Amino acid sequence: MPPALLYYAIPGFVLLVIAEAIFSAIEKKDLYETKDTFSSLALGIGNVLTGLITKALIFGLFLLIYRFRIFTLDGSKWWVWVLAFFADDFSYYWFHRTSHHVNWFWASHVVHHSSKRYNLAAALRQTWTGNLTGAFLFWAWMPFVGFHPVIVLTMQSISLIYQFWIHTETIHLLPKPIEFIFNTPSHHRVHHGSDLKYLDKNHAGILIIWDRMFGTFRKEEERPQYGLTKNIESFNPVIVALKTWKDLFIKAFHSGSIKNFFHYFLRPPGWSHDKSTKTTRELIEDHNKMHPEATIK
């Protein structure tokens, strides 16, 4: 198994959450809410516990794929790790973007967006079902082309550790070269915004260049409204972790046809066979028709 870098980082995460909460109280920033914070921490603990099993299974699957690799990329070479960094970050971008456009993946990822607060504790608000429902598939190509599974899982951990610190409102803007290349608190605040113009933007892991390249970048303007377009309205971690899955299956089973059943899992969040709810694209189209002077692209 690869070194458990993410687990080693947890004590540092907790200390930084405490430090930010103290800063928030002293400066009267109102960044934290007790029930919300404990919900985030509980969801993070659940993610760690489920990961103990699922990550072992994924590592085994990647080892199996690695046996049929096209090349052998020697992990003792520095350039292999550089390639792995870009390969992992590119994979994360497409996983993350897909998670906002396909209900099957959104039902797990929604957990991370379910807090109305934006703080370091929210970074720990992670899915319990993501690995079980196939998130790892976006990285399966890496062992196939020759990256050893230890390298793949190590780079995933490095990416997640990096993404912890960008969940904060205490940092406004960094120097322009950093803002242009890297994912920053400003860029990621946009991603967590439920404002119509911010929806489905800035899917970066470490490098914001993918969003700039593929047309999903949005600069932060006014402070985002955090949370979901329709919030879960519960601090119970079990409800937060599983409610979207429950709702999705109920809607699918009552959709009236097999075609609609599968559409509920394959279409974007908000899709409905009876138009009772709308996708981000449909919401933007409606807005642009009603407010042509304030068009959202």
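Every read-out reported here was derived from the displayed coordinates using simple, explicitly stated rules and does not represent laboratory data. These figures come from a predicted structure and were not determined experimentally. When we count neighbours, we look across all protein chains shown, and the Cβ atoms used for this are built from the backbone with ideal geometry, even at glycine.
Please compute the Kirkwood hydrodynamic radius over region 144-297, one decimal place, Å, based on all pairs of different Cα atoms.
For region 144-297, the Kirkwood estimate is 18.3 Å.
Of 183, 130, 204, which is farthest on the positive side of the dipole of region 5-214, counting Cα position, with +1 on Lys and Arg Cβ, -1 on Asp and Glu Cβ, and the Cα centre as origin?
130
Below 12 angstrom from the Cβ of residue 244, what's the summed charge of the other residues (Lys, Arg +1; Asp, Glu -1)?
Its environment carries a net charge of +3.
Ratio of alpha-carbon Rg to the 2.2 N^0.38 Å globular estimate for region 145-192, to two decimals, please.
1.43
What's the extension gain from residue 137 to residue 229 if we count 0.36 nm per residue and subtract their Cα-Cα distance?
Using 0.36 nm per residue and subtracting the Cα-Cα distance, I get 30.3 nm.
For region 5-214, take the convex hull of the Cα atoms, compute a quarter of its surface area, and give me that in nm², please.
Mean orientational projected area (region 5-214, Cα hull): 12.3 nm².
I want to check a number: in region 237-294, how many lysine pairs have alpha carbons closer than 26 Å, given a sequence separation of 8 or more or different chains?
Lysine pairs, 8 or more places apart or on different chains, close enough: 14.
Identify, among 284, 253, 294, the residue whose Cα sits farthest towards the positive end of the charge dipole of region 237-294, taking +1 on the Cβ of Lys and Arg and -1 on the Cβ of Asp and Glu, with the dipole about the Cα centre.
The residue sitting farthest along the positive end of the dipole is 253.
Can you tell me the alpha carbon radius of gyration of region 197-243 divided by the globular rule-of-thumb value 2.2 N^0.38 Å?
Against the empirical 2.2 N^0.38 Å value, I get 1.50 for region 197-243.
For residue 28, list the aspartates and glutamates whose Cα falls under 16 Å from its own Cα; do not include residues on the same chain fewer than 8 positions away.
Cross-link targets: 20, 169.
Report, in order of residue number, the helices in the chain meeting two criteria: a C-alpha extent of 27 Å or more along the helix axis, and a mean Kyte-Doolittle hydropathy of at least 1.6; treat each whole DSSP H run as one helix.
Length and hydropathy pass: 5-27.
Nearest 20 debye, what's the magnitude of the dipole of region 237-294 about its Cα centre given +1 on Lys and Arg Cβ and -1 on Asp and Glu Cβ?
260
To the nearest 20 debye, what charge dipole does the chain have about its Cα centre, counting +1 at the Cβ of each Lys and Arg and -1 at the Cβ of each Asp and Glu?
Computed about the Cα centre, the dipole is about 560 debye.
What order do you get for 97, 281, 125 when you list them from fewest to most C-beta neighbours inside 10 Å?
Result, fewest neighbours first: 281, 97, 125.
Evaluate the distance, in nm, between pseudo-label points positioned 7 Å from the Cα of residue 69 and of residue 276 along their respective Cα→Cβ axes.
Each label point lies 7 Å from its Cα, and together they span 5.0 nm.
Among 205, 146, 193, which one moves the most in a GNM of the chain with springs linking Cα atoms closer than 10 Å?
Maximum fluctuation in the GNM of the chain, among the listed residues, is at 146.
Any idea which of 76, 12, 118 is furthest toward the positive side of the dipole for region 1-124, if Lys and Arg beta-carbons carry +1 and Asp and Glu beta-carbons -1?
76
May I ask you to derive the FRET efficiency for residue 182 and residue 258 from their Cβ-Cβ distance with R0 = 45 Å, giving the value to the nearest 0.05?
Computed FRET efficiency for residue 182 and residue 258 comes out at 0.50.
Given Cα pairs under 8 Å that are at least 6 residues apart, what percent is the relative contact order of region 237-294?
17
Hey, what's the per residue convex hull volume over the C-alpha atoms of region 237-294, in cubic angstrom?
Taking the convex hull of the Cα positions in region 237-294, it is 98 Å³ per residue.
Which value in deg cm²/dmol, rounded to the nearest 500, describes the helix-derived mean residue ellipticity at 222 nm for the chain, given -39,500 (n - 2.57) per DSSP H run of n ≥ 4 and division by the residue count?
One gets -17500 deg cm²/dmol as the mean residue ellipticity at 222 nm.
For a Förster distance of 25 Å, can you work out the FRET efficiency between the beta-carbons of residue 23 and residue 45, rounded to the nearest 0.05?
0.60
Roughly how many Å is it from the Cα centre of region 129-206 to that of region 68-120, as a whole number?
7
Label-point separation (nm) for residue 196 and residue 170, each offset 7 Å from Cα along Cα-to-Cβ?
3.5
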